[in-house]
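Participant: Before we start, here is the structure in question, set down as structure tokens.
Laboratory data are not the source of any read-out in this text; all were calculated from the coordinates shown. Note that the structure is predicted; figures quoted are calculated from it, not measured. Here the Cβ positions follow ideal geometry from the backbone for every residue, glycine too, while neighbour counts run over all protein chains shown.
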Amino acid sequence: MTEQLNQFKQPVGKAVPWKAAELPGSQPLTGQLCRIERLDMDRHAVDLYQSYPSVPDARHWTYLPYGPFDTLNSYQDFLRTIVKSSDPLHYAVIDLVTGKAVGTFALMRIDVKNGVVEVGHVVYSPRMQRTSLSTETMFLLLKYVFEDLGYRRFEWKCDSLNAPSRTAAQRYGFTFEGIFRQAAVTRGRNRDTAWYSIIDSEYQGLRNAYSQWLSPLNFNDEGHQINKLSDFIARERLLMGD
């Protein structure tokens, strides 16, 4: 890449014909397997609360600053608080087969001026983890962030010790950018934060990869994947010369 210089012969970044991205709206995002909609305590609390205890322990709350919730009332109180927030902006994921909410996430650190937004507060129940549902959720999110809202950068951050979250980020096509040491204190413990991102120039290749993975042709009669998402992503990156 040719280095761009200013009038003082200093290297500078390339010019960006930039206005601003848009704020996330309230419209639902619907795929073949799931629907993403703004979190609503009355509509979603019971479904979500019932979906989380389907594992024998509370390990999926370890790296979050809240939870687990011992009663439905305590969970409803929590939801009443977070649904009032505009940043983070919380969403529920609805399984279209059952019509029930099975997980939540938030769009946060929303910077429309610079076109940067982060996905965080990811709490997927066991009914959603490691399923096509979670992959389609990310596919819908990527399309929404880059195509509909016009962002330049999509971030994923997590506790550096949270191995499942780091594995998920890499599987979804996020690029690891490094560790911010002593970035936070969570539950009285130190947190080093791992940073990942996807930028707009990478989106088209990822869209192609997700579309191929989600295709019915990629699943056998038992519903098992034939090719991994990472294989499709690697192929697209080769085609794009990355």
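Participant: Of the trypsin sites (Lys or Arg not before Pro) in the range 71-131, which ones lie in a loop per DSSP and count no more than 11 other C-beta atoms within 10 Å?
Facilitator: Qualifying residues, ordered by number: LYS84, LYS113.
Participant: Report the trypsin sites (Lys or Arg not before Pro) located in the range 10-78 that are in a DSSP loop and have at most 14 other Cβ atoms inside 10 Å of their Cβ, or state none.
Facilitator: Answer in residue order: LYS14, LYS19.
Participant: Another question, if that's okay. Give me VAL123, VAL12 ranked fewest to most by other Cβ atoms within 10 Å of their Cβ, as a rough exposure proxy.
Facilitator: Ranked by crowding around the Cβ, least crowded first: VAL12, VAL123.
Participant: I would also like to ask the following. Under a 5 Å amide H to amide H cut-off, with H placed in plane at 1.01 Å, what residues pair with CYS158 once short-range neighbours are removed?
Facilitator: Here the answer is ALA194, since their amide H atoms fall under 5 Å of that of CYS158.
Participant: Also, quick follow-up: Describe numerically, in nm with one decimal, the distance between label points set 7 Å from Cα along Cα→Cβ at SER211 and at ASP87.
Facilitator: The modelled label-to-label distance comes out at 3.2 nm.
Participant: If I take R0 = 41 Å and measure r between the Cβ atoms of LYS228 and ARG80 in this structure, what FRET efficiency does the formula 1/(1 + (r/R0)^6) give, to the nearest 0.05?
Facilitator: Calculated transfer efficiency: 0.55.
Participant: How many angstrom lie between the C-alpha centres of the range 110-137 and the range 13-55?
Facilitator: 8
Participant: Nearest 0.05, what FRET efficiency do ALA183 and TRP61 give at R0 = 25 Å with Cβ-Cβ as r?
Facilitator: Plugging the Cβ-Cβ distance into 1/(1 + (r/R0)^6) gives 0.80.
Participant: Anything over 21 Å Cα to Cα? Flag those among LYS84/LYS143; LYS100/LYS157; LYS113/LYS143, in the order listed.
Facilitator: Too far apart for the 21 Å limit: LYS84/LYS143; LYS100/LYS157.
Participant: Among THR193, THR81, THR30, which one moves the most in a GNM of the chain with springs linking Cα atoms closer than 10 Å?
Facilitator: Per the Cα network of the chain with a 10 Å cutoff, THR81 tops the list.
Participant: Separate question: With a point put 7 Å past each Cα toward its Cβ, work out how far VAL112 is from ASN73 in nm, to one decimal.
Facilitator: 4.0
Participant: Pull out the extension gain between ASP40 and THR175, defined as 0.36 nm times the separation in residues minus the alpha carbon to alpha carbon distance; nm, one decimal.
Facilitator: Once the chain is fully extended between ASP40 and THR175, it gains 45.4 nm.
Participant: When THR167, THR137 are ordered from fewest to most other Cβ atoms inside 10 Å of their Cβ, what list results?
Facilitator: Taking fewest neighbouring Cβ atoms as first place, the list is THR167, THR137.
Participant: Compactness ratio of the range 25-239: Cα Rg over 2.2 N^0.38 Å, N = residue count?
Facilitator: Normalised Cα radius of gyration, the range 25-239: 1.01.
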